[in-house]
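Novice: A single structure is presented below for examination.
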Amino acid sequence: MTDLSSITSSANAFITKQTAQFNKVATDVNNGFTRALNNAEMAVGAKPKTGFTSGPTYEANSFAGQTKAAFNNAVTATKSALHIK
């Protein structure tokens, strides 16, 4: 009879190594996706670039805040051009 313990041991080691590599790849993909999503949120203004969640700094760094500021500046410039107080 042939001793199967060395074959079984090698097979177990191979499966364990493959599982560990698969888990590492899954973790790397998850981390990469998280970074990409975070960057996309900051780029479109859905998430502030700073730690602020309200106030002038948050407004200045968010897409909504920048849009509001541009609109307010346009209204102010129009009022000024038409001499409206």
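Novice: Show the residue pairs meeting these rules: Cβ distance below 9 Å; 6+ apart or different chains; first residue within segment 62-73 and part of a helix (DSSP H, G or I); second residue surrounded by fewer than 13 Cβ atoms within 10 Å (Cβ to Cβ) and not aromatic (Phe, Trp, Tyr).
Specialist: Close Cβ pairs (under 9 Å, with a partner that is surrounded by fewer than 13 Cβ atoms within 10 Å (Cβ to Cβ) and not aromatic (Phe, Trp, Tyr)) amount to Phe63/Val44; Phe63/Ala46; Gly65/Pro56.
Novice: From the set of residues in segment 67-85 that are small (Gly, Ala, Ser) and under 26 Å from Val44 (Cβ atoms), which is modelled with the highest pLDDT?
Specialist: It comes out as Ala74.
Novice: Moving on. How many of the residues making up segment 71-85 are surrounded by 10 or more Cβ atoms within 10 Å (Cβ to Cβ) and either within 20 Å of Pro56 (Cβ to Cβ) or touching a Lys or Arg at 6+ places or on another chain (Cβ under 8 Å) (or both)?
Specialist: Here the count works out to 7.
The values are calculated or read from the model by the stated rules, or taken from the named source; none is laboratory data. Remember, predicted model here, so these are calculated numbers, not experimental data. Using ideal geometry, Cβ is built from the backbone for each residue, glycine included, and neighbour counts are taken over all protein chains shown.
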